[in-house]
1. Need a quick list: helices (runs of 4 or more DSSP H) entirely within segment 2-60 having at least 2 residues that are surrounded by fewer than 19 Cβ atoms within 10 Å (Cβ to Cβ) and either charged (D, E, K, R) or assigned by TED's automatic domain parsing to the domain that holds residue 98 (or both).
2. Among the residues of segment 187-203, is any more than 21 Å from residue 9 (Cβ to Cβ), touching a residue at least 60 places away in the same chain (Cβ under 8 Å) and either assigned by TED's automatic domain parsing to the domain that holds residue 97 or under 14 Å from the mean Cα position of the chain (by Cα) (or both)?
3. With (1) in contact with a Leu (Cβ under 7 Å, 6 or more places away or on another chain); (2) within 18 Å of residue 107 (Cβ to Cβ); (3) part of a helix (DSSP H, G or I) as the list, and residue 65 as the residue in question, which single condition is left unmet?
4. Scan segment 157-170 and report the pairs whose first residue is in a loop (DSSP other than H, G, I, E, B) and whose second residue is among the aliphatic types (A, V, I, L, M), with Cβ atoms within less than 8 Å and a gap of 6+ or a chain change.
5. Name the residue, out of 108, 126, 137, that is of a type in the set (D, E, K, R), within 19 Å of residue 65 (Cβ to Cβ) and assigned by TED's automatic domain parsing to the domain that holds residue 65.
6. Determine, yes or no, whether residue 203 is more than 23 Å from residue 124 (Cα to Cα) and modelled with pLDDT under 95.
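The values are calculated or read from the model by the stated rules, or taken from the named source; none is laboratory data. In this text, all values refer to a predicted model and were calculated from it rather than measured experimentally. Note that each Cβ is placed from the backbone with ideal geometry, even for glycine, and that neighbours are counted across all protein chains shown.
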Amino acid sequence: MSKIYQLYLWLLEKYGRPRDFWAKWCKRKKTRQDREEIVLGAILTQRTNWKNVEMSLKNLKGAKALSIKETYRAGRKNIILLENLIRPSGFYKQKSQRLFQLCKFIVERHKSLEKFFKQDLKTCREQLLKLSGIGPETADSILLYAGDKPIFVVDEYTRRFVKKRKLSQNHSYHYLQDLFQKNLPKDVKIYQDFHAMIVLDGKGTKWDLITKI
C-alpha cells in the first residue's frame, strides 16, 4: 500500500465524506442540474471563496439562469446582466466572459453537457483547455466532479499537502497529478473524496462542517 493511499485512508477516518457544497460535488448519483451547477461553480470559484460563489449562484437561480443553456442565453442577450448576477464572486467581467464562452461551446458544439461528457477524457480535457480562462485546475475540476472522469485535481491545497508530508520535491501540476494517480486505485470516488478532504484539511475545517460515513 502506497504512502499516498495510506494518507487517503487516514483522512477518510479523520473526516469521513464532506458535506456543505462538497456533498454535491462528491455525490455518487448526480442530477443534470447538479452537474451543470458544478460546471458554473468551477468558473465562479476562481480566485474567491465559496460563500461568494453561493451568492452568485443564488442570483443566477433567481434570474432563471442556473443552467448551461440559460446562462448561455443570458450572456448572449445581455452580458452586462450576467456580469451583475455573478458580481459577488469577484472578477465578474472576466468570469462572465468565461462562463458565456464555456456555455456557448457546450450548447453550440455539443448541444448538452451530457453529450460533451460522452467523449473520452483526453478529448474533453483538450477541448476545455482551448477555452479562454480555463487552465488545468478548472478543467480537471469540471471533468472530475461534474463529469465523473478519473482525473486527479491539483490545486494549492494539494501542493501544500505534498510539501507538508514531503511526498515530492517536484510540485509541478502534471507531476503531482501523475504521482497521485499512480499511487491510488483508478477510482473516481476516491479521487473526488481525497481531493475534497485535502482542501478540508488545508482549511482546518471544524468537525461541525463534516460528517462521518
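1. Values: elements: 3-15, 21-25, 32-44.
By residue number, 3-15, 32-44.
2. Let us first name the residues in segment 187-203 that are more than 21 Å from residue 9 (Cβ to Cβ), namely none.
The answer is no, given that none of the residues of segment 187-203 is more than 21 Å from residue 9 (Cβ to Cβ), touching a residue at least 60 places away in the same chain (Cβ under 8 Å) and either assigned by TED's automatic domain parsing to the domain that holds residue 97 or under 14 Å from the mean Cα position of the chain (by Cα) (or both).
3. (3)
4. Qualifying pairs under 8 Å: 165/7; 167/4; 167/179; 168/162; 168/176; 168/179; 170/176.
5. Working: 126 fails: within 19 Å of residue 65 (Cβ to Cβ); 137 fails: within 19 Å of residue 65 (Cβ to Cβ).
The match here is 108.
6. Details: more than 23 Å from residue 124 (Cα to Cα): yes; modelled with pLDDT under 95: yes.
So residue 203 fits the description; yes.
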